Amino acid sequence: MTVTVRFAPSPTGNIHIGNARTALFNWLFALNNGGRFIQRFDDTDVERSRQEYADNILTDIAWLGIEPVAVEYQSKRFAIYEAAVVKLKAAGLLYPCYETAEELDLKRKIRLTRRLPPVYGREALKLTADDRAKLEAGGRRPHWRFLLPNFDTDPFSPRRTEIRWNDLVRGEETVDLASLSDPVLVREDGTYLYTLPSVADDIDLGITHLIRGDDHVTNTGVQIALFKALGAEPPAFGHHNLLTAATGEGLSKRTGALSIASLRADGIEPMAVASLAFLTGTSENVVAARDMADLAGRFDLSATSRSASKFDPADLVVLNRTLLHGMAFAAVAERLAALGIAGAKAEPFWLAVRGNLDRLADAVAWWRIVAEGPIEKPELSDEDRDFVRGAFDLLPPEPWDGTTFRTWMDQVKAASGRKGKALFMPVRLALTGLPSGPELADLLPLLGREGTRARRP
Ligand code: GLU
């Protein structure tokens, strides 16, 4: 069977680096196994879900380099959930309950005082057709619970029933179904909780590996039981650890902090985001992966830490710098052109400045410096100004290349007796207006003799 995975956020906000981690775990798993990645939007909550967020999420994952083979919306798949409900009801595995939240709370307290586990006691299973009719005549609407397979013949005598799975990340996991309440799958108003649509979709879409955050470990026992109740073989499960902010606080979609969109707007490269989102909390060092294939080569689910991992947004800038420094011109030519950096000089310019950029857009200031001169007129002491003027009078004749600067400085050194910083810094200031930046040897051919002379103080 073709490996098939899905990333299933609710489109209730923009995704952050923690959500990107889940998407990447799935995508890299698919890449390494010749599999398919499905983008699924869990948008059954119509109040909170918005198409705009779904669109943003599609933009974000595309920017990261993830290519879904299909995009599905749960809001368009209700027929599948209704069919699952019919199937479960016919099998006697979905039963109507009428308790209010207060009544359930009271029941729970009573069970605790009797030293019974505080799970739902299945009292609604005892209701007769008459009881139900009366309750409904009184205005009550049922919610529907899934009868967990944790008993032999008598549902009122549950027994320890272990559901086991070999988690792709965490290894052997066990849940005792007797420790759980029968989960509500359908609410009073007919809306679905997450469990049933998710499992019905995973079956319908042929999901073979279900990879998600470890906040869902506790849902897995019930879901495996539901897969089986619906006549399907459960997929393999893998639960990766979650990322937390440096403070240890969990990341939330609603805060918008560190959203993928904000990082993109801030000029962080997609592979910097992907490298940090994916490699934090694995056994691999957090280094900048050049591309997805590079990242996929570092993919080892079982080597992922089981505890939450702090990530440091400051690392993004470091990774970004590393990526830019090694980036070939062909990889950025289009983006540079969009910034107005184009023409015959664009490539040598890129190779000269890429080592000095925190963000790609920083290239714009350098392009301007190369084309027009220092952004602010450099302040030179009288002595340095005289020195630079003398130096400019010694500019070698064209043609210029990467060796010209050296030739020129050798002459200036011999003529002035200056060396080291005293020799180079006033020249750098005169040429760029800044005390640091790209190698002057690389900049000089870009300026040309005329462009250089125009900067004579
Ligand atoms: N919509 C669920 C979530 O975002 C999906 C969980 C799952 O992957 O099963 O948490």
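The values are calculated or read from the model by the stated rules, or taken from the named source; none is laboratory data. Only a predicted model underlies this, so the values are computations on that prediction, with no experimental measurement involved. FYI the Cβ positions are ideal-geometry reconstructions off the backbone, even for glycines, and counts take in every protein chain you see. SASA here: full protein model, heavy atoms, side chains in, ligands and nucleic acids out. Shrake-Rupley method; radii C 1.70, N 1.55, O 1.52, S 1.80 Å.
Could you count how many residues in the range 144-165 are closer than 20 Å to Glu233 by Cβ, assigned to a loop (DSSP other than H, G, I, E, B) and without any contact (Cβ under 8 Å) to a residue 24 or more places away in the chain?
Final tally of qualifying residues: 1.
Out of the range 1-48, which residues are assigned to a strand (DSSP E or B), near the ligand (Cβ under 10 Å from one of its atoms) and charged (D, E, K, R)?
Arg6, Arg40
Would you check if Arg418 is part of a loop (DSSP other than H, G, I, E, B) and out of contact with any Pro (no Cβ under 6 Å at 6 or more places or on another chain)?
yes
Keeping to the range 74-116, report how many residues are part of a loop (DSSP other than H, G, I, E, B) and farther than 30 Å from Gly231 by Cα.
Quick first cut of the range 74-116, residues part of a loop (DSSP other than H, G, I, E, B) only: 77, 91-93, 98-100, 114-116.
Now narrow it down to the ones that are farther than 30 Å from Gly231 by Cα: 100, 114-116.
Residues flagged as part of a loop (DSSP other than H, G, I, E, B) and farther than 30 Å from Gly231 by Cα within the range 74-116 amount to 4.
From the set of residues in the range 202-223 that are assigned to a strand (DSSP E or B) and crowded, with 19+ Cβ neighbours inside 10 Å, which is nearest to the ligand (Cβ to nearest atom)?
Ranking the qualifying residues of the range 202-223, first place goes to Arg212.
Report yes if Gly343 is farther than 20 Å from Glu439 by Cα, outside any helix (DSSP H, G or I) and either touching a residue at least 40 places away in the same chain (Cβ under 8 Å) or open to solvent by 20 Å² or more (accessible area, probe 1.4 Å) (or both), otherwise no. Before you say what the answer is, go through the steps one by one.
Working: farther than 20 Å from Glu439 by Cα: yes; outside any helix (DSSP H, G or I): yes; either touching a residue at least 40 places away in the same chain (Cβ under 8 Å) or open to solvent by 20 Å² or more (accessible area, probe 1.4 Å) (or both): yes.
In short, yes.
Quick one: what pairs do we get from the range 208-228, first residue more than 18 Å from Glu172 (Cβ to Cβ) and without any contact (Cβ under 8 Å) to a residue 60 or more places away in the chain, second among the β-branched types (Val, Ile, Thr) and within 11 Å of the ligand (Cβ to nearest atom), C-beta under 6 Å, 6+ apart or different chains?
Within 6 Å, the pairs are Phe227/Val199.
In the range 280-304, how many are touching a strand residue (DSSP E or B) at 6+ places or on another chain (Cβ under 9 Å) and open to solvent by less than 50 Å² (accessible area, probe 1.4 Å)?
Adding up the residues that qualify gives 5.
In this structure, is Phe278 within 15 Å of the ligand (Cβ to nearest atom) and either in a helix (DSSP H, G or I) or within 17 Å of Ile15 (Cβ to Cβ) (or both)? Break it down stepwise before answering.
Values: within 15 Å of the ligand (Cβ to nearest atom): no; either in a helix (DSSP H, G or I) or within 17 Å of Ile15 (Cβ to Cβ) (or both): yes.
So Phe278 fails the test.
Got a number for residues in the range 3-26 being in contact with a strand residue (DSSP E or B) (Cβ under 7 Å, 6 or more places away or on another chain) and closer than 24 Å to Ala303 by Cα?
Of the residues in the range 3-26, 14 are in contact with a strand residue (DSSP E or B) (Cβ under 7 Å, 6 or more places away or on another chain) and closer than 24 Å to Ala303 by Cα.
Among Ser259, Ser309, Ser275, which is the only one that is within 16 Å of the chain's Cα centre (by Cα), more than 27 Å from Val69 (Cα to Cα) and buried (at least 16 other Cβ atoms within 10 Å of the Cβ)?
So the residue among Ser259, Ser309, Ser275 that is within 16 Å of the chain's Cα centre (by Cα), more than 27 Å from Val69 (Cα to Cα) and buried (at least 16 other Cβ atoms within 10 Å of the Cβ) is Ser309.
Looking at the range 177-195, which of its residues are away from the ligand (no atom under 16 Å from the Cβ) and within 30 Å of Asp45 (Cβ to Cβ)?
Leu177, Ser179, Leu180, Ser181, Asp182, Val184, Val186, Arg187, Glu188, Asp189, Gly190
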